[in-house]
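Have a look at the structure below before the remarks.
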Amino acid sequence: MGTFLVTGGTGVLGRVIVERLREGGHEVRVLSRRAGAGTHVGDLESGAGVVEAASGVDAIVHAASNSRRFGNTDVAQTDTVIRAAADAGVGNLAYVSIVGIDRIPFRYYRNKLACEQRIVESDVPHTILRATQFHELIASALLVAGRLPITPLPLDFRFQPVAAAEVAVRAAELAVGSPLGFAPDFGGPQVLTLRELIDIWRQVHPHPRAVPMPLPGRIAKSFRAGFNTCPDHADGTLSWSDYARTATVDPYAARK
Ligand SMILES: NC(=O)c1ccc[n+]([C@@H]2O[C@H](COP(=O)([O-])OP(=O)(O)OC[C@H]3O[C@@H](n4cnc5c(N)ncnc54)[C@H](OP(=O)(O)O)[C@@H]3O)[C@@H](O)[C@H]2O)c1
């Protein structure tokens, strides 16, 4: 059994990674900026507490991200993790990334891509897992959109949403195993347009009432083309309709 550090172990994905690793009998440290939220207080932006949290661990799962600010500190945060991983001599640094970030010129994705590059160019043995958008993220967006009477949305965007819990199982397995470099992508069971996702959602939830919002530009074109999907890796099993039926609270609400 090993000792793991999970950054982002208080987040929607990270919480389940921590549970899975603990169920596997591993000792798991959880880094958080908030005292009491994890096992170790630390800040990847300032670096405070990170080396201490990583000292003596066998592997690190890096699932922290500053997505609300488009990942504008993610590269610095990842550099901090790489340094701590190198100091600790970890056998595997597992990084959770996003499908299609090399093809979609969205600011958050460019930052994630730069993080991947830093890890690949480091001397630290690593595994990078790219996943598609989580059911939880889409549900969160729809619950927020539902607060308005009518919401313009890009209904022709394509998604292949996946349960965060299923990505977490895969990420935990990869972290325990040998470093793979890039692991196969991990996506949900179906590719659906946003219109289809909302139609399914509205079988259970009254909102949002959406109208098409035509968006110009390369980013919109990429999402319309489904560059963020991986139909050849439809490995998740929980469908959007089964997830939507049980989704009542915004999984990201605590972070807003
Ligand atoms: N959401 C999706 O649809 C999706 C899809 C594919 C891949 N991913 C990737 O999966 C990962 C997890 O996403 P998520 O949606 O589960 O994230 P999340 O719920 O927003 O959680 C973000 C985590 O990052 C931590 N964090 C942020 N800044 C930090 C800092 N300066 N120092 C230490 N910790 C910091 C937070 O910890 P504290 O607040 O406790 O400090 C929190 O645990 C991300 O890398 C994301 O890009 C997400």
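The values are calculated or read from the model by the stated rules, or taken from the named source; none is laboratory data. Since this is a predicted model, take the numbers as computed values, not measurements. Cβ atoms come from the backbone with ideal geometry, glycine included; neighbour counts cover every protein chain shown. Note: areas computed on protein heavy atoms with side chains; ligands, DNA, RNA excluded. Shrake-Rupley method; radii C 1.70, N 1.55, O 1.52, S 1.80 Å.
Filtering the stretch 50-81 to residues that are over 26 Å from VAL176 (Cβ atoms) and among the polar types (S, T, N, Q) leaves ASN66, ASN72, THR73.
Among the residues that make up the stretch 135-152, is at least one of them surrounded by 17 or more Cβ atoms within 10 Å (Cβ to Cβ) and in contact with a Gly (Cβ under 8 Å, 6 or more places away or on another chain)? Checking the stretch 135-152: at least one residue is surrounded by 17 or more Cβ atoms within 10 Å (Cβ to Cβ) and in contact with a Gly (Cβ under 8 Å, 6 or more places away or on another chain). Per the conditions (1) within 30 Å of GLN190 (Cβ to Cβ); (2) open to solvent by 30 Å² or more (accessible area, probe 1.4 Å); (3) in contact (Cβ under 8 Å) with a residue 60 or more places away in the chain, the sole criterion not satisfied by VAL96 is (2).
Hey, among the residues in the stretch 1-23 that are of a type in the set (A, V, I, L, M) and in contact with a helix residue (DSSP H, G or I) (Cβ under 9 Å, 6 or more places away or on another chain), which one's farthest from the ligand (Cβ to nearest atom)? Going through the qualifying residues, I end up with LEU21.
Taking the criterion of being among the β-branched types (Val, Ile, Thr) and either more than 16 Å from HIS233 (Cα to Cα) or open to solvent by 10 Å² or more (accessible area, probe 1.4 Å) (or both), the only residue of the stretch 156-175 that qualifies is VAL169. Within the stretch 10-43, the set of residues being open to solvent by less than 10 Å² (accessible area, probe 1.4 Å) and in a loop (DSSP other than H, G, I, E, B) comprises just one member, GLY42.
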